[in-house]
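The values are calculated or read from the model by the stated rules, or taken from the named source; none is laboratory data. The model shown is predicted, which means the values in this text are computed figures rather than measured ones. Please note: Cβ atoms are built from the backbone with ideal geometry, for glycine as well, and neighbour counts cover all protein chains shown. Side chains included, ligands, DNA and RNA excluded: accessible areas come from the protein's heavy atoms. Shrake-Rupley method; radii C 1.70, N 1.55, O 1.52, S 1.80 Å.
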Amino acid sequence: MTEHSQERAPSRNRRRFPGISSRAYEHPADRSALVALRKLSGFDTVFKALSGLLPERSLRLLYLSDSVRVGDQQFVHLNTMLRDACYILDLEKVPPMYVTQDPKPNAMCIGLDEPIIVVTTGLVELLDEEEMRAVVGHEVGHALSGHSVYRTILLFLTNFALKVAWIPLGNIAVMAIVTALREWFRKSELSADRAGLLVGQDLQASMRGLMKLAGGHHLHEMNVDAFLKQAEEYEAGGDLRDSVLKIMNVLPRSHPFTTVRAAELRKWAAGRDYQRIMDGHYPRRDTDQDASVSDSFKDHANHYADHVRNSKDPLMGLVRDIAGGAGDLGGKLRDAFTGARPPGGSGGPGEGSADGNGTQPGGDAGGGSGPSGTDKS
């Protein structure tokens with residue numbers, strides 16, 4: 001290993017995943033996009049050319065000059081967590097980490113050539129050791145997946161959209177790309193939450209960390225089960241108007257809502273994929289080039305088909321009705337918008353259909369949206 005590589009084993013006995021591919025923990029929507037991009041001829045060349053336009057060097061100099069670099073003499077406990085996370089996920093080169101003064105809890109992984117991790121003082125002060133370990137693992141997961149490249153581009157395009165807002169139609173074109181990138185990045189946050197769980201290997205710590213991001217440090221006033229019930233209520237509640245409002249609320253965000261992240265992460269932790277990884281059965285990164293784009297998109301399509309089939313959201317119920325050739329579609333559409341119950345008193349749009357029994361988890365650990373710190377990790 002190089003001088004930058006992992007030198008110490010984890011501080012407690014955690015499973016390690018030698019050679020693990022990021023495909024092992026990536027959300028289907030995230031994985032399908034990444035597999036396609038990795039197969040794209042000339043992709044690396046294009047982004048190396050683009051790197052000259054992006055403010056990456058400026059950001060690196062900014063954090064070097066006006067933040068505290070984590071190391072053997074500064075924020076030693078964070079340095080140990082970082083090395084532990086890289087050891088567990090077998091990331092040979094440890095990314096530089098900086099702590100920056102900002103009361104907002106936030107974290108991010110950015111960079112085109114080499115990723116850097118930034119956490120705010122607000123996040124460091126908010127979380128305990130095991131909660132913070134999940135956050136660091138979350139950011140290392142971003143680095144292993146290569147998310148930092150696309151996050152840097154998203155930051156650049158978001159700022160660029162503001163500069164061209166005065167140009168007729170210019171802002172619309174850029175914001176269309178930004179909106180698509182945000183949708184992908186919200187799924188990448190779920191992937192990184194899973195990586196954080198693989199590093200921390202403590203689901204309760206991951207849950208606590210997400211609750212603190214939502215409700216602050218008053219952990220004694222919060223309850224994991226009640227917090228997760230909020231996610232169920234959020235998904236199933238209301239009528240079709242609320243479904244539209246949910247979409248409008250999430251569009252400007254680069255991260256899913258914290259209750260949704262918590263519910264998704266717990267669902268994944270209880271599933272077969274997580275257990276197989278913990279048992280040592282996972283795809284290796286030396287086979288990434290052999291990954292099938294069509295298989296990845298098939299997994300993506302199957303995931304969303306399952307989501308539509310099992311979701312309790314009124315809009316998804318309407319989609320199921322349309323797909324199933326509902327006889328009284330006009331009446332169902334009216335009821336969906338008004339929240340009215342059909343004769344018989346049950347099966348309203350807010351309660352899902354006969355086959356709707358699903359629930360809905362996992363991002364950056366603090367608020368990783370960029371220097372402005374508008375997102376939650």
Expected sort for 120-130, 214-224, 266-276 on mean C-beta neighbours within 10 Å, highest first, is 120-130, 266-276, 214-224
With every protein chain left in place, what is the accessible area of Ser22 in Å² (1.4 Å probe, nearest 10)?
10
